[in-house]
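Since the structure comes first, as structure tokens, the remarks are kept for the end.
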Amino acid sequence: MTRKLFGTDGVRGRANAFPMTADMALRLGAAAGRFFRRDGAAGHRVVIGKDTRLSGYMLENALTAGLTSTGMNVLLLGPVPTPAVGFLTRSMRADVGVMISASHNPHQDNGIKFFGPDGFKLSDEAEAEIEAIVAGEIQYAQADNIGRAKRIEDGRGRYQEFVKTTFPAGVRLDGLKVVIDCANGAAYRAAPEVLWELGATVVPVGVAPNGTNINDRCGSTYTQTAAEAVVAHGADVGICLDGDADRVMILDETGRVADGDQIMAMLATRWAEEGKLRGGALVATVMSNLGLERHLASHGLRLERTAVGDRYVVERMRAGGFNLGGEQSGHIVMTDYATTGDGLIAGLQFLAEMARTGHKASTLVRQFATVPQLLKNVRFPDGVKPLEQAAVKSVIEANAARIKGKGRILIRKSGTEPLIRVMAECEDEMMLLSVVDEIVGAVEAAV
């Protein structure tokens, strides 16, 4: 079955425009309720979390109406990180978990992500079945079987206590000054509190959400604000989360950024030394730098590549029995601890390595030399398919032949925004720039 509503990370779009409308959220909730409800069983349960977007109130209420209309009992968590929903879905024995968030996107966007009873995001096949229910005749519950809704006041606290169990026993962060940028998003309370409880001196950034400032000049996609705070406060390290806290970027004491590739390289080699890295491999996407692959090979480890999207990373990890994976963008998935990317847990793993080794962050963030990589995005209007046009295909083919043996190119349509992403890697930086610019120019001419 094909999917039209669902992209690479749930259903996403501009708030109050299709598909992010209240009526569609209601139908999605009802469809998910029908899909997950076990016929004949009692106590159907769903947990719903959200980030701090203004539209979250509207979508939360609509989803609740749809879910309760099919007999599901709804437990409302309020603002919590996406990984908290995965954790609490399992912990609270729920049939389904829902996260309302557009992750790193601006506040005008929002999204709906579903988690199965095992706490993992749904497969493509499950999402296609839910879409089919949305498009058809939804069977609602009888009047006596309509579900109830209840607010859970301690959901965030339960998640925080779990997160602390992933940090090495007996280790504290005393003496470390940490800038934590929460992107005015879902972790604005959880992350600073966990760090403080573990002993760190905390400098909070992006912890005053107002419904419209999520990811606004802060967070993992805009690290400049946190970098300035690191330097101004003389901090040892900075941790930048995105709006739903499933991504992380690490800043050293000078404000220099380490992306997901560098963090995964550190974790993979460390875990391999300790005998903790299952399968002798790290799972990452086609976007990860060639330098990461070379670094792993030098340690006798493999890089398993997947399509872009943390869900595809997780699917490969589960199929192959691997326990570490992620994306260059900062999704770090550690299935020993969590069912999805968890920026806070990944940040704690980095801090634990600082505490264990006594090394400065600047030493740990530089695990390998990157192959020069350039990524440019081209926005396109609805209805336009630039990658299907002959002129664009011709330019891509010509440049692929040109760079062959010296690097690689990757052109793809974003699964979360109306963007064509043009990425290339090449040791020859002049060729790199020329290849990307020629392809971008062709795509821009087509839109």
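The values are calculated or read from the model by the stated rules, or taken from the named source; none is laboratory data. All of these numbers come straight from a predicted model, not from anything done at the bench. Here the Cβ is made from the backbone with ideal geometry for all residues, glycine too, and neighbour counts use every protein chain on show. Side chains are part of the model used for accessible areas, which takes the heavy atoms of the whole protein and leaves out ligands, DNA and RNA. Shrake-Rupley method; radii C 1.70, N 1.55, O 1.52, S 1.80 Å.
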**Message:** Based on alpha-carbon centroids, what's the gap between the range 115-161 and the range 196-262 in Å, whole number please?
**Reply:** 32 Å
**Loop-resident sites, the range 128-234, for trypsin sites (Lys or Arg not before Pro), counting at most 14 other Cβ within 10 Å (DSSP)** = Arg148, Arg172, Arg217
**Item:** Cleavage-rule hits, GluC sites (Glu not before Pro), the range 130-202, DSSP coil, Cβ neighbours within 10 Å at most 14
**Value:** Glu137, Glu153
**Item:** FRET efficiency for Glu429 and Ala232, using Cβ-Cβ distance with R0 set to 35 Å, rounded to 0.05
**Value:** 0.60
**Request:** Please compute P(r) over all alpha-carbon pairs of the range 390-438, binned at 5 Å starting from zero, and give each bin as a whole-number percent.
**Result:** 5, 21, 32, 21, 15, 6, 1
**Message:** Could you compute how fast the range 44-148 diffuses translationally, taking Rh as the Kirkwood radius over C-alpha pairs and applying Stokes-Einstein at 37 °C with viscosity 0.692 mPa s? Give it in µm² per second.
**Reply:** 233 µm²/s
**Prompt:** Which lysines, on any chain, are close to Lys393 with Cα under 27 Å apart, when same-chain ones fewer than 8 places away are left out?
**Reply:** Lys4, Lys376, Lys385, Lys404, Lys406, Lys413
**Prompt:** For the range 2-119, what relative contact order do you get, as a whole percent, if you take Cα pairs closer than 8 Å and at least 6 residues apart?
**Reply:** 31 percent
**Prompt:** Mind checking the log10 I(q)/I(0) for the range 289-447 at q = 0.09, 0.17, 0.18, 0.20 Å⁻¹? Debye, one equal scatterer per Cα, no solvent, two decimals.
**Reply:** -0.39, -1.14, -1.20, -1.30
**Asked** Using a Förster distance of 35 Å, how high is the FRET efficiency between Arg379 and Asp144, based on the Cβ-Cβ distance and rounded to 0.05?
**Response** 0.10
**Prompt:** Between their Cα atoms, which of Lys113/Lys164; Lys50/Lys360; Lys113/Lys276; Lys113/Lys360; Lys121/Lys150 are more than 28 Å away from each other?
**Reply:** Lys50/Lys360; Lys113/Lys276; Lys113/Lys360
**Asked** Looking at the P(r) of the range 1-100, how many percent of alpha-carbon pairs lie beyond 23 Å?
**Response** 21 percent
**Asked** How high is the relative contact order of the chain, in percent, with contacts defined as C-alpha pairs under 8 Å that are six or more residues apart?
**Response** 13 percent
**Request:** Considering only DSSP beta bridges where both residues belong to the chain, give the percentage that are antiparallel (nearest 5).
**Result:** 50 percent
**Request:** Work out how much length Asp174 to Asp154 would gain on full extension: take 0.36 nm times their residue separation and subtract the Cα-Cα distance, in nm to one decimal.
**Result:** 4.5 nm
**Request:** Send over the semi-axes of the range 251-305's equivalent ellipsoid, whole angstrom and largest first, taken as the square roots of 5 times the C-alpha gyration tensor eigenvalues.
**Result:** 20, 14, 9
**Complete:** CD proxy, 222 nm, the chain: helix-only mean residue ellipticity via -39,500 (n - 2.57) per DSSP H run with n ≥ 4, per residue, nearest 500, stands at -11500 deg cm²/dmol
**Request:** Pop the C-beta distance of Asp336 and Ala445 into the FRET formula with R0 = 51 Å and round what comes out to the nearest 0.05.
**Result:** 0.60
**Asked** the chain: Rg/Rh from Cα coordinates, Kirkwood Rh?
**Response** 0.97
**Prompt:** Per residue, how much accessible area does the range 32-162 show when a 1.4 Å probe rolls over the protein heavy atoms, in square angstrom?
**Reply:** 39 Å²
**Item:** Sparse-neighbourhood loop sites, GluC sites (Glu not before Pro) in the range 281-357 - DSSP loop, at most 10 other Cβ within 10 angstrom
**Value:** none
**Request:** Could you tell me what fraction of 2.2 N^0.38 Å the Cα radius of gyration of the range 353-447 comes to, as a two-decimal ratio?
**Result:** 1.40
**Message:** Can you return the aspartates and glutamates within cross-link range of Lys177? Criterion is Cα-Cα under 17 Å, with same-chain partners fewer than 8 residues away left out.
**Reply:** Glu193, Glu197, Glu228, Asp236, Asp252, Glu253, Glu353
**Fill in**
Place a point 7 Å from the Cα of Lys406 in the direction of its beta carbon; the residues of the range 423-440 whose amide N falls under 15 Å from it are 424-439
**Item:** Debye log10 I(q)/I(0) for the range 5-56, one point scatterer per Cα, at q = 0.30 Å⁻¹
**Value:** -1.31
**Message:** Tell me the carbon and sulfur percent of the accessible area for the range 26-158, rounded to whole percent, probe radius 1.4 Å.
**Reply:** 49 percent
**Asked** Just the projected area, averaged over all directions, of the convex hull on the alpha carbon atoms of the range 231-329: how many nm²?
**Response** 6.9 nm²
